[in-house]
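Since the structure comes first, as C-alpha cells, the remarks are kept for the end.
The values are calculated or read from the model by the stated rules, or taken from the named source; none is laboratory data. Since this is a predicted model, take the numbers as computed values, not measurements. Backbone-built Cβ (ideal geometry, glycine too); neighbour counts: all protein chains shown. Just the protein is used for accessible areas: all its heavy atoms, side chains included, with ligands, DNA and RNA removed. Shrake-Rupley method; radii C 1.70, N 1.55, O 1.52, S 1.80 Å.
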Amino acid sequence: MQHLQILWPDSIDIREVSPRDGLQAEPQILPTEQKVELIKKLGQAGLRRIEAASFVHPKWLPQMADAEEVMRQIPRSANIRYSVLVPNLAGLERALGTKPDEITVFVSASETHNRKNVNRSIEESVEGFKTIVSRSHVSGVEVSAVIVTAFGCPYEGAVPVSRILDLIDQFQGMGIRQVTLGDTVGTANPRQVYHTIKTIYNRFPDIMLGLHFHDNRGTALANMLAAISAGATYFDTALGGIGGSPFSPGAGGNLATEDLVYILEESGISTRVELSSLIATGDLLEQWIGHELPSRVHRARGRMVPVSGERQE
Ligand code: ZN
C-alpha cells in the first residue's frame, strides 16, 4: 500500500461568488448600494476575482434585476476581475454593455437537470455557447464555463466522468480556457473528487480547472483538500458560505470563503486574502440578509487570539 504524497501548492486562487451565487439564493433582496458595498469590501479584503452579477432574466431572478446598475457602480481596478453569469444571447447583450472582465456560461452534466434548469438539452446549451464565446471574444471578454451537477445529479444520480471529459473537450474547441466543476447538490466525496480531477489533468494537462463545492452535507472542505491533493488551485467560494436553495437559507450553501482562507493560511498556503476583513464584511452581510452566516470560521471570529493578562487555569 502506497501512501498518498501531496504536493502542497504555495498559493491558490479564489473566485468569490457571494454577490451572485450567494445573494441570488437569499429571499431578502439587497438594495443596489449594499451589493456595491459588499463587492467593494470583498475587493479590499484581497479578492481579485469576483462574480458580481447574473444576467438571468429578472422575471426568473428578481434578486439580480439591478445587475446593470451594480456593474456600473462597482470600482474598477486592474487588479480585480469581475465576472458575470450569462444564460443566453439576450443575457449576453445586457452583460456586454456593462463591460465585465469575464463571462461565465453554465451547463449541467446531466440531461434531466439541464432541462429542468434551462429548458434545453445539453447539446442545445453547448451549441448556444459558440455564439456567446465568439461575440465575447470580439468584445475582448474571456468566457469561462461551469459544469453543474458534475459530481452527481438530484434526478439521475451518478454522473460518469466521461461526460465531463466530453464537455471539456467541446469547450476547449471553442476557446474556453477555464472550466469549473460544480458539486451543485453537495454529494461529491473526496475520493471521487481526487479521481475526477486526476482523470481530467491526464487528458487535458493545460486546463485551468476550477472547483465549486456546496456544503449541504458538510463535505466541502474535505473535497477542497482532496482537490488540492490532485493538483487543483482554483476554487469558487462565497463569503459566509451563503448560497444554495432560496427556500432553505443557511442550509447547503457554498464553501465559505472564510473557511477556505483560514484552513489554507493556517497550512501555509497563501490566498492573499485578509481573514479579519472577511469577518468584518461578514458581520455587515449578516445584518443585511437578516440571518446568521453558515461559516464556522465567521462564528469563531477567525483565528484564535491568545488571551493576555490572565492566567488560564
Ligand atoms: Zn454555488
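For the chain, modelled as a GNM whose springs connect Cα atoms under 10 angstrom apart, the maximal fluctuation among ASP183, ASP206, ASP66 occurs at ASP206. Across the chain, C-alpha contacts under 8 Å between residues 6 or more apart give a mean separation that, scaled by the residue count, equals a relative contact order of 20 percent. Near VAL143, the amide H atoms lying under 5 Å from its own belong to ILE103, ARG177; only residues 5 or more places off or on other chains count, and H is placed 1.01 Å from N. Reported to the nearest whole Å, the Cα centre-to-centre distance from segment 189-245 to segment 19-69 is 23.
Phi-derived couplings, Karplus 6.51 cos²θ - 1.76 cosθ + 1.60 at θ = phi - 60°, listed residue by residue for segment 273-281: 10, 8, 4, 4, 5, 5, 5, 5, 5 Hz, with x used for Gly and Pro. Taking every lysine pair in the chain that is 8 or more places apart or spans two chains, those with Cα atoms closer than 22 Å amount to 7.
Of the residues VAL159, ASN216, LEU181, the one whose Cα sits farthest towards the positive end of the charge dipole of segment 156-264 is VAL159 (charges of +1 on Lys and Arg Cβ, -1 on Asp and Glu Cβ, taken about the Cα centre).
Helix content alone sets the calculated 222 nm mean residue ellipticity of the chain: runs of n ≥ 4 DSSP H residues at -39500 (n - 2.57) each, divided across all residues, give -11500 deg cm²/dmol. Ranked by the mean number of other Cβ atoms within 10 Å of their residues, highest first, the peptides 140-151, 74-85, 230-241 fall in the order 230-241, 140-151, 74-85. Proximity of backbone amide H atoms, modeled 1.01 Å from N, is registered between ALA53 and LEU85 at under 5 Å, excluding neighbours fewer than 5 places apart on the same chain.
The residue list ALA227, ALA300, LEU96 was ranked by how far each Cα lies along the charge dipole of segment 13-300 toward its positive end, using unit charges on Cβ atoms, and LEU96 comes out on top. Rounded to a whole number, what is D in µm²/s for the chain from Stokes-Einstein with the Kirkwood radius over alpha-carbon pairs (25 °C, 0.890 mPa s)? Diffusion coefficient, whole number: 124 µm²/s. Restricting the count to DSSP beta bridges whose residues both fall in segment 13-300, what percent are antiparallel, rounded to a multiple of 5? Restricted to segment 13-300, the bridges split so that about 5 percent are antiparallel. Calculated from the alpha-carbon coordinates, segment 1-81 shows an Rg and a Dmax of 16.5, 57 Å respectively.
Placing dummy labels 7 Å off each Cα toward the beta-carbon, the span from ARG303 to GLN172 is 4.0 nm. When the charge dipole of the chain is built from unit charges on Cβ atoms (+1 for Lys and Arg, -1 for Asp and Glu) and taken about the Cα centre, the candidate among ILE80, ILE168, THR281 whose Cα reaches farthest toward its positive end is ILE168. Counting only Cβ charges, +1 for Lys and Arg and -1 for Asp and Glu, the dipole size of the chain around its Cα centre is about 320 debye. Protein heavy-atom surface of the chain, 1.4 angstrom probe: 50% of the accessible area is carbon and sulfur, with nucleic acids and ligands not counted. The residues of the chain expose, per residue, 46 Å² of accessible area to a 1.4 Å probe. Highest mean packing first, where packing is the average number of other Cβ atoms within 10 Å per residue, the peptides 153-162, 21-30 line up as 21-30, 153-162.
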